[in-house]
């Protein structure tokens with residue numbers, strides 16, 4: 001079904017098992033629903049004795065008790081969404097299926113719990129068949145890769161292409177949306193995709209890198225409940241999944257702070273509340289007054305840029321700049337190209353100022369455009385003693401053309417994402433190199449003035465304002481625009497890498 005959008009506090013029913021340690025099952029569902037701004041209701045299908053180390057015992061109450069719970073909810077509460085989790089037997093599955101048919105909620109998400117984390121099958125074959133028989137009631141199913149393989153009747157996917165193919169097959173078989181989740185794939189990438197029947201390509205694809213934590217207990221329950229809640233609020237499946245994923249990634253990043261249990265602990269469902277309470281700046285920079293519980297869009301951009309930043313850090317030019325061993329003529333070649341780049345960057349900021357949606361942002365980027373000319377470029381000219389510039393290199397021209405195209409043609413959101421790396425990477429590199437130089441003493445360092453320009457508190461403050469502008473734009477953007485913003489940011493990061501690298505490459509050619 002297509003839910004009615006703009007439900008302010010959706011009433012979301014969790015049909016699932018218990019977890020006395022609070023990380024999975026209906027406990028995770030209720031936390032996730034609340035975190036996404038919904039009101040959670042709960043029907044228990046099984047009493048599960050489990051903790052962060054594993055399942056100890058399972059008791060399935062009589063089906064009559066399950067039916068009574070379902071009827072009690074239906075007789076009194078109009079539901080906006082239903083999330084279905086653990087259903088352990090044929091009787092339980094058939095009871096829930098009949099109830100879903102009789103009481104159709106606008107949003108139904110089924111998380112087909114079939115395979116344990118260790119790989120063992122949780123359902124008998126007749127129960128698996130019964131579960132397949134109710135999936136047509138779902139608007140979305142959210143299997144992990146082993147469960148997707150069971151539904152597709154194929155081996156577990158080991159590549160993303162295989163996973164997408166299985167997702168398409170399952171969507172066609174059961175006539176419903178499928179969220180294909182790549183978290184079980186090897187490697188650092190954790191892609192997800194929304195696939196639908198009758199369409200060869202995914203409706204939406206979502207990228208991400210693995211969060212370094214072992215505390216992932218209940219992530220499947222949490223994500224499916226969060227998606228159900230957000231979609232009940234907005235009516236947008238692609239956007240709802242994106243919002244839920246961003247929130248869950250924040251919950252994973254904060255999971256280690258909980259210290260719950262001695263095994264694989266839970267995620268921090270209310271990480272955003274903790275941030276809002278303890279850091280007033282988070283409210284202004286991240287939420288922008290909207291109350292969106294998702295993590296900062298720019299945090300995800302920064303995380304995605306990690307491989308590029310690692311390459312920048314070990315470039316001979318950057319290493320020599322930090323420790324003061326860089327040859328003067330090599331630094332001056334860099335400054336010569338950077339002056340020409342800054343001319344284009346100033347024009348790009350001016351274009352961005354003209355497109356900015358609010359007065360304060362227009363003033364910020366207009367002031368920044370002028371400051372590039374009067375501040376950074378002036379420092380470069382002083383270093384070069386007024387010498388005439390050399391022609392722009394291919395790398396410099398490519399970066400300049402990219403920024404002018406994004407800020408002049410693609411709108412404010414994409415343009416703001418494109419110019420952000422010049423702020424953020426320079427602030428990051430400046431801080432890293434200045435700290436390194438301070439350990440040996442900045443006095444007498446041949447490039448101290450350059451390092452201190454980009455490690456200046458005012459430059460860091462400007463970087464934060466630019467980040468906040470991108471975050472606000474992302475909150476108002478649709479999924480396609482946010483993906484374009486992400487591409488622009490990462491392309492600009494790569495162009496920064498090439499810009500830093502070109503000086504060392506030119507030196508190597510001269511020496512060769």
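The values are calculated or read from the model by the stated rules, or taken from the named source; none is laboratory data. None of these values were measured; they are calculated from a predicted model. In this analysis, Cβ positions are derived from the backbone assuming ideal geometry, glycine residues included, and neighbour counts consider all displayed protein chains.
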Legend entry - Lone unmet requirement of (1) over 14 Å from residue 109 (Cβ atoms); (2) touching a helix residue (DSSP H, G or I) at 6+ places or on another chain (Cβ under 6 Å) for residue 80: (1)
Legend entry - Test result for residue 363, in the same structural domain as residue 474 (by TED's automatic domain parsing), modelled with pLDDT under 90 and either under 27 Å from residue 478 (Cα atoms) or touching a strand residue (DSSP E or B) at 6+ places or on another chain (Cβ under 8 Å) (or both): yes
Inset, instruction - Please determine, by comparing only the residues of the range 304-333 that are in a loop (DSSP other than H, G, I, E, B) and in contact (Cβ under 8 Å) with a residue 12 or more places away in the chain, which one is farthest from residue 447 (Cα to Cα). - result: 305
Legend entry - residue 62 vs. criteria within 28 Å of the chain's Cα centre (by Cα) and on the phi < 0 side of the Ramachandran plot: no
Inset, instruction - Take residue 349 and decide whether it is in contact (Cβ under 8 Å) with a residue 12 or more places away in the chain, buried (at least 20 other Cβ atoms within 10 Å of the Cβ), in the same structural domain as residue 448 (by TED's automatic domain parsing) and over 20 Å from residue 495 (Cα atoms). - result: no
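Please state which one of 138, 149 is free of Cβ contacts under 8 Å to residues at least 40 places away in the same chain and under 31 Å from the mean Cα position of the chain (by Cα). Walk me through how you get there before you give the answer.
On the way: 138 fails: free of Cβ contacts under 8 Å to residues at least 40 places away in the same chain.
Every option except 149 fails the conditions.
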Inset, instruction - Working only within the range 174-203, note down all residues that are part of a strand (DSSP E or B) and buried (at least 19 other Cβ atoms within 10 Å of the Cβ). - result: 177, 178, 179, 180, 181, 192, 193, 194, 195
Legend entry - The listed residue being surrounded by 16 or more Cβ atoms within 10 Å (Cβ to Cβ), over 22 Å from residue 301 (Cα atoms) and at pLDDT 85 or above, out of 397, 393: 393
